[in-house]
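See structure below.
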Amino acid sequence: MTRTEIQKIKTTEPKNEDAVLSANKSYWFSVTSPEKKNQAITVFAGSAAYRITFEDSYLNFPVEARWINEKLLFVRVYWGRIIGSDYIFDVEHGAFVHKEMVHDGTPLFQQMNQTKK
């Protein structure tokens with residue numbers, strides 16, 4: 001089962017204030033509301049557009065995305081409280097160029113510190 005899916009879609013220029021432009025102002029992305037079961041990112045890259053869907057992502061931590069440069073998008077998605085994935089998406093090629101698991105111990109560390117007080 002794949003939890004991440006990239007679909008080529010048809011879309012127009014961004015009309016909402018949630019769209020984040022790249023440094024060269026040629027590309028943009030927008031993240032869906034974290035209330036939805038399957039969070040997604042819509043990426044507009046010149047003549048192409050993509051929807052990256054994260055199936056069964058952990059809704060307590062919304063999908064994070066930010067531009068690395070004009071064409072690379074960093075994405076972090078959590079699958080649970082401490083397990084997630086980091087992706088780097090090349091918007092010109094419509095593909096991930098890097099994928100890596102994240103093991104975040106911050107919530108457990110905070111809980112441990114609270115019990116010591």
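The values are calculated or read from the model by the stated rules, or taken from the named source; none is laboratory data. Small disclaimer: the values here were computed from a predicted structure and weren't measured. Here the Cβ positions follow ideal geometry from the backbone for every residue, glycine too, while neighbour counts run over all protein chains shown. Side chains are part of the model used for accessible areas, which takes the heavy atoms of the whole protein and leaves out ligands, DNA and RNA. Shrake-Rupley method; radii C 1.70, N 1.55, O 1.52, S 1.80 Å.
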- Task: Determine whether the range 78-98 contains at least one residue that is of a type in the set (Lys, Arg), open to solvent by 90 Å² or more (accessible area, probe 1.4 Å) and either assigned to a strand (DSSP E or B) or under 22 Å from GLU5 (Cα atoms) (or both).
- Result: yes
- Which of the residues belonging to the range 34-55 are assigned to a loop (DSSP other than H, G, I, E, B) and either among the small types (Gly, Ala, Ser) or open to solvent by 60 Å² or more (accessible area, probe 1.4 Å) (or both)? GLU35, LYS36, LYS37, ASN38, GLY46, SER47, GLU55
- Task: Could you tell me whether the range 9-21 includes any residue that is in contact with an Asp or Glu (Cβ under 7 Å, 6 or more places away or on another chain) and surrounded by 13 or more Cβ atoms within 10 Å (Cβ to Cβ)?
- Result: no
- Message: It is to be established whether one or more residues within the range 61-70 are in a strand (DSSP E or B), open to solvent by less than 40 Å² (accessible area, probe 1.4 Å) and modelled with pLDDT of 95 or more.
- Response: yes
- Message: Tally up the residues in the range 99-117 that are open to solvent by less than 70 Å² (accessible area, probe 1.4 Å) and part of a strand (DSSP E or B), please.
- Response: 1
- Query: Name the pairs whose Cβ atoms lie under 6 Å apart, with the first residue in the range 3-22 and within 18 Å of GLY94 (Cβ to Cβ), the second surrounded by fewer than 14 Cβ atoms within 10 Å (Cβ to Cβ) and modelled with pLDDT of 90 or more, and 6 or more positions between them or separate chains?
  - Reply: SER22/GLU70
